[in-house]
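**Q** Just passing along the structure, written as structure tokens.
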Amino acid sequence: MKKHFWKNRNWVTVAVEEIIIGAIIMLHYQQLDGRLPWALGLLDNPILGLIYVLIGFTLLVNSLWDFYWYRIRLVLIALSGGMWALLSGSYIMNIVVTGNVTIAPFIFIVITINVFLSAWEEPRYKLKGGERY
């Protein structure tokens, strides 16, 4: 497990960040402005925080035990990147609507870029479910 931790430390940090953000969303929901479109307002609910925690925990387990069959790594990376991109977009829209600039969306953008760069560096055979190409 220690060997896998060092190999997949980017994914471990992304998973821990996702678990922490999920817990924060579950505890401090409704931080976005009420004038946002309905779909973006859903991104700040406790249910979505639970989804963040579940995706983060699954990614953490996947990274520490380094299994990648049935393209599970690709699915988890796509879900994680999509969730971070949605969260970043919703907070940027909140800035546009309210005019109050906060640092939170910029932190989320940095994490989103980290997820996409880590996905780019991921070995292709892991993304293909272990198939050699």
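The values are calculated or read from the model by the stated rules, or taken from the named source; none is laboratory data. If you're wondering where the values come from, they're calculated on a predicted model, not measured in any experiment. Cβ atoms come from the backbone with ideal geometry, glycine included; neighbour counts cover every protein chain shown.
**Q** Please list, ordered by first then second residue, the pairs with beta carbon atoms under 7 Å, 6 or more apart or interchain, first in segment 83-98 and closer than 17 Å to Asn45 by Cβ, second outside any helix (DSSP H, G or I) and aliphatic (A, V, I, L, M).
**A** Every condition considered, the pairs that remain are Ser90/Leu32; Met93/Leu36; Asn94/Leu32; Asn94/Leu36.
**Q** Go through (1) modelled with pLDDT under 80; (2) closer than 29 Å to Lys7 by Cβ; (3) not aromatic (Phe, Trp, Tyr) one by one and return the number of the condition Thr98 breaks.
**A** The single condition Thr98 does not satisfy is (2).
**Q** Take the residues in segment 22-72 that are over 28 Å from Asn100 (Cα atoms) and not in a helix (DSSP H, G or I), then tell me which one is modelled with the lowest pLDDT. Steps first, please.
**A** Start the filter on segment 22-72 by keeping residues that are over 28 Å from Asn100 (Cα atoms), which leaves 54-72.
Then keep just the ones that are not in a helix (DSSP H, G or I); that gives 66-68.
Numbers: Asp66: 78, Phe67: 77, Tyr68: 72.
So the residue we want is Tyr68.
This table checks each residue for (1) free of Cβ contacts under 8 Å to residues at least 24 places away in the same chain; (2) among the polar types (S, T, N, Q); (3) surrounded by fewer than 17 Cβ atoms within 10 Å (Cβ to Cβ).
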| site | (1), (2), (3) |
| --- | --- |
| Tyr70 | no, no, yes |
| Val75 | yes, no, yes |
| Asn100 | yes, yes, yes |
| Trp120 | yes, no, yes |
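**Q** Here's something else I'd like to know. Looking at (1) surrounded by fewer than 15 Cβ atoms within 10 Å (Cβ to Cβ); (2) β-branched (Val, Ile, Thr); (3) within 17 Å of the chain's Cα centre (by Cα), can you tell me which one Val96 breaks?
**A** (3)
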